[in-house]
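Below is one structure, written out as structure tokens, with a few remarks after it.
The values are calculated or read from the model by the stated rules, or taken from the named source; none is laboratory data. Because the structure is a prediction, the values reported are computed rather than measured. Please note: Cβ atoms are built from the backbone with ideal geometry, for glycine as well, and neighbour counts cover all protein chains shown.
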Amino acid sequence: MPSLLRTLLLGIFLASLTSGQITSPNYRIDVHSHAIPSIWKDAMTAAGFQVKNGTLYNDGVPVPDWTLDSHISAMDTLGVNYSTISITAPGVSFVKNAGKAKLLARSINLILHEYTQAHPTRLGALCLLPLPHVNEAIEELKFCLDSLKFVGVGLYTNANGVYLGDPALGPVFAALDARNASVFVHPASPTCTSVALGYPMPMTEYPFDTVRAIENLLLTGQRAQYPGLKMIFAHGGGAIPYLATRIAGIATLSYAGGLAFTETMAQLTGYYFDIARATSAIQLTALKSFIGANKLVTGTDYPYVPLSQAQSGLAGVQVNGNFTDEEMGYIKYQNALEIFPRIASALQRR
């Protein structure tokens, strides 16, 4: 049975159908796509990020060319009706000075806002926070959510080694919880970069940094303190579906926290995961077994995932995951509307 909240949100969604805002029965919301404004690239270049043959590199990966028009065109190609846009890792954490980090984050958030105003029925923005600077981050999330009416907030698994779950981030989580904020968590590179053995960080370290963050949220008790906060972790939750029972089993031991196995598993399955780069039969079978279709949302990771890969990935989701049409409705848009009620409200206002 669908939850009462899902029923209400679906009602709003269907109401928007009658007003002509949404015309496709296969409506799709992409919760994981990235904007790449030039101000951000310029700041990274100035900070010393690698540039080879005129191309900026981030975590061992070339930063792709991007424009607002190309993003909308890609959405059309992928059959995406609405996207939440965010800034990928490391956000602005490479700016060490708190005031300068706040200024850059504010400038980028205003640009993201401009993008959403240019395409109000296609785009929603996730607030970029100047973490690990906590006071500045709280001020920025208040500005984005209260003044700019962003649909949610973007976080990273860590910011300069400060992981989600760190007690220092308690005030940030309190501010998010007080606003019933919707949170999208993108993996970041660990500070110990040697673990990648010289290979691109997103290849394996991003999935494992997701595990580190979720594990830290568990063992510090920060997630238990804010259980109602809706949080999406990218890329199928990294390696969590495979490692969850191992983590929960060890966490029952006194030296690792002495937590009840069932409570730990309930917490680990209480997150949402997007399916960006997680569309193979092996991945989707694991995800379906671990959390089910009611906790999965569509993600493309455009433009970091090439358009051709994103297109073939989305096309194979139903077959690879053996999902019913009803389950695909949850994955395509219903779960996203439950996580981001501001999307439904924004669409109905138009």
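Values computed for the structure shown
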{"quantity": "Segment 269-283, residues that are crowded, with 23+ Cβ neighbours inside 10 Å and aliphatic (A, V, I, L, M)", "calculated": "275, 276, 278"}
{"quantity": "Selection status of residue 59, modelled with pLDDT of 95 or more, of a type outside the set (Phe, Trp, Tyr), under 30 Å from residue 198 (Cα atoms) and out of contact with any Leu (no Cβ under 7 Å at 6 or more places or on another chain)", "calculated": "yes"}
{"quantity": "Only one of 310, 266 that is outside any loop (DSSP other than H, G, I, E, B), surrounded by fewer than 21 Cβ atoms within 10 Å (Cβ to Cβ) and either touching a His at 6+ places or on another chain (Cβ under 9 Å) or aliphatic (A, V, I, L, M) (or both)", "calculated": "266"}
{"quantity": "Residue match in segment 187-196 (condition: in contact (Cβ under 8 Å) with a residue 60 or more places away in the chain, surrounded by 15 or more Cβ atoms within 10 Å (Cβ to Cβ) and either out of contact with any helix residue (DSSP H, G or I) (no Cβ under 9 Å at 6 or more places or on another chain) or within 24 Å of residue 335 (Cα to Cα) (or both))", "calculated": "yes"}
{"quantity": "Test: residue 204 is outside any helix (DSSP H, G or I), within 18 Å of residue 187 (Cβ to Cβ) and among the polar types (S, T, N, Q)", "calculated": "no"}
{"quantity": "Unique residue being within 23 Å of residue 338 (Cα to Cα) and either at pLDDT below 95 or not aliphatic (A, V, I, L, M) (or both) when the list is 12, 85", "calculated": "12"}
{"quantity": "Single residue of 277, 342 found to be on the phi > 0 side of the Ramachandran plot, within 19 Å of the chain's Cα centre (by Cα) and among the basic types (Lys, Arg)", "calculated": "277"}
{"quantity": "Residues of segment 91-145 that turn out to be assigned to a helix (DSSP H, G or I) and either β-branched (Val, Ile, Thr) or within 17 Å of residue 72 (Cα to Cα) (or both), as a count", "calculated": "11"}
{"quantity": "Long-range neighbours under 8 Å by Cβ, at least six apart or interchain, first residue touching a residue at least 40 places away in the same chain (Cβ under 8 Å) and crowded, with 23+ Cβ neighbours inside 10 Å within segment 138-153, second among the hydroxyl-bearing types (Ser, Thr, Tyr) and part of a strand (DSSP E or B)", "calculated": "151/84; 151/182; 152/84; 152/182"}
